[in-house]
Amino acid sequence: MNSLFLYFKDPRVEQSYQISNQHSKRLSTFISLSFGFIIAFVVKVIQSSHEKNNYGFILNLSMLIYLIVQLIFVWKNNQYLRLGIILLNHSVTIFFIAFEDRSGVDNQMAMLQGVNQMAATYLLVLNGEYVDGMITIITLQIFRLLWGVFKSDGMQYSALVTSTLLILYINYFNYQYNKAKRSQYLLTLADTRWEDILQKLLLQQSYLILQFSEENLHFSVKQLRNCEKLFKTEPEAYQFLKQATHQNKIMQNVIYGFIRQFQENNQQTFNNTFLINFLKRTIRAEISIYQGDKPTILLLFKEFFYERRINTKMIQVQYESTIKLMVKILNRINQYQFCKNKYLSIQRKLIFVHLIQNINKDIKLKKIQLNNFLNNAIKLHNNVKVSVQYQGNPSVETCVNILQIIILQIFQNILSQNLIIRTSQTKNQKIRCQFLGYFNIQKILRFKDQLETPFQLLFESYDLNQETLQFIFPHSIDIPFNHC
């Protein structure tokens, strides 16, 4: 809003203010006062004619015709309403000051007539815009001052000073009055927009509005919307209040407890969020309580969580079927040479996922030929140049699926293009397996921390660093459990 002339900077808001908020009031005031002045001048014309006052008759008749023409014109052309108010104020005031025939009028009647004219002038100023009122007040008061100076026989300076101050005071009051009106309109406009927003939100929201009668401790349903997941009718809503629970308390008792808490704390509003259990569902709800002649309760149902029993056997069957399907697809892709590398990469990932999924199932010890086992792993990683240095073909007793996971992780985290795999025996005749290359040791150590127990189970000792991974197999493994 412009702070000097009091108009809204947004032309749409200004137009809305003029049309919807001010136009009808302003037009009715203009018409009422115009009719009042017309009646007054009709009486004046009749009185002048009766008194044979030709000069007064012509003046009053001219003013009467002007008022009628102006009223008809502005009534049919509302866009000139503000101009019509200014002209009405100026024409009537100037007429009464400069042209009215006062012959035969005593001082008391003249004073009463002046008071009536001033009241009408000020009514028009209050119903107009600040700028219009400012123009009217300043011009008419200056006209009164000049008329008094030139027509008066003696100079009364106190009247001149008072008139000047009056211009400032009336203009200041008119400024504050119009500023307050426009500020009030902005607040009303903001409230209306918020109501529109809230209405749109509520149209999409599930809610229940209740009122509580403290005389008979009874809840009455005032409104419900989008609650089909819980109830559809008011009787069903009452059943919901009796059957739904929160912390093993039925809903109507829970709400009553919130009302008591709200009243004891002397709050203007009360808001809380809680969970409701109803028909194997959990609903997150928000409650707001407003105090009027009766407490009004708004329940917003925000989220619905359904209890579902997970069929683990079905998930396992679906998972295994998916793996088999992917393996079939990969076997078909493997027929094309250009897909070979991609095929091996996906195959390694599938094997790893499958092994991880089954790491806690059916852990059995099995004696394997370590070199053969390593050679099978090498076939899956043709992207790495592997050199082997085997001493004999040692056999070890181990948990095959866990060892496969560890070997796959080693190959997945090698950063160099070359890898040396060496198997040998220690002085204690234990089997040693070494991987020499350049590894992402951070990932390998994190993986080792996640499988700390399997590492301790499979290896008597191990040494892991960025260039060498060394594992010592025990003579035998003692499994302290049947199922992991």
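For a test of the definition: using alpha carbon positions, the gyration tensor, and the 1.5 limit on a/c, classify the range 11-196 as rounded, prolate or oblate. Let's see the in-between values first.
Numbers: a/c = 2.96, a/b = 1.52, b/c = 1.95.
Cα axes put the range 11-196 in the oblate bin.
Within a 10 angstrom radius of the beta carbon, how do Glu397, Glu264, Glu100 rank from fewest other beta carbons to most? It would help to have the intermediate numbers written out before the result.
Values: Glu397 13, Glu264 8, Glu100 18.
Ranked by crowding around the Cβ, least crowded first: Glu264, Glu397, Glu100.
Ranking Val92, Val221, Val125 by Cβ neighbours within 10 Å, fewest first, what do you get? Display every interim value, and only then the final one.
Values: Val92 22, Val221 18, Val125 25.
Exposure proxy ranking, most exposed first: Val221, Val92, Val125.
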Keeping to pairs on different chains or 8 or more places apart, tell me how many lysine pairs in the range 11-196 have Cα atoms under 29 Å apart.
-> 9
Taking neighbour counts of Cβ atoms within 10 Å as a proxy for exposure, in what order, fewest first, do Ile378, Ile170, Ile39 appear?
-> Ile39, Ile378, Ile170
Taking only the alpha carbons of the range 205-306, what extent do you get along each of the three principal axes, in Å, biggest first?
-> 37, 24, 23
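Tyr175 to Lys448: extension gain in nm, 0.36 nm per residue of separation minus the Cα-Cα distance?
Numbers: separation 273, 0.36 × 273 = 98.28 nm, distance 8.00 nm.
Between Tyr175 and Lys448, full extension yields 90.3 nm more.
Computed from the coordinates by the stated procedures, all read-outs in this text should not be read as laboratory data. It should be emphasised that the depicted structure is a prediction, and the values quoted were computed from it without experimental measurement. Glycine also receives a Cβ, built like all others from the backbone with ideal geometry; neighbour counts cover every protein chain displayed.
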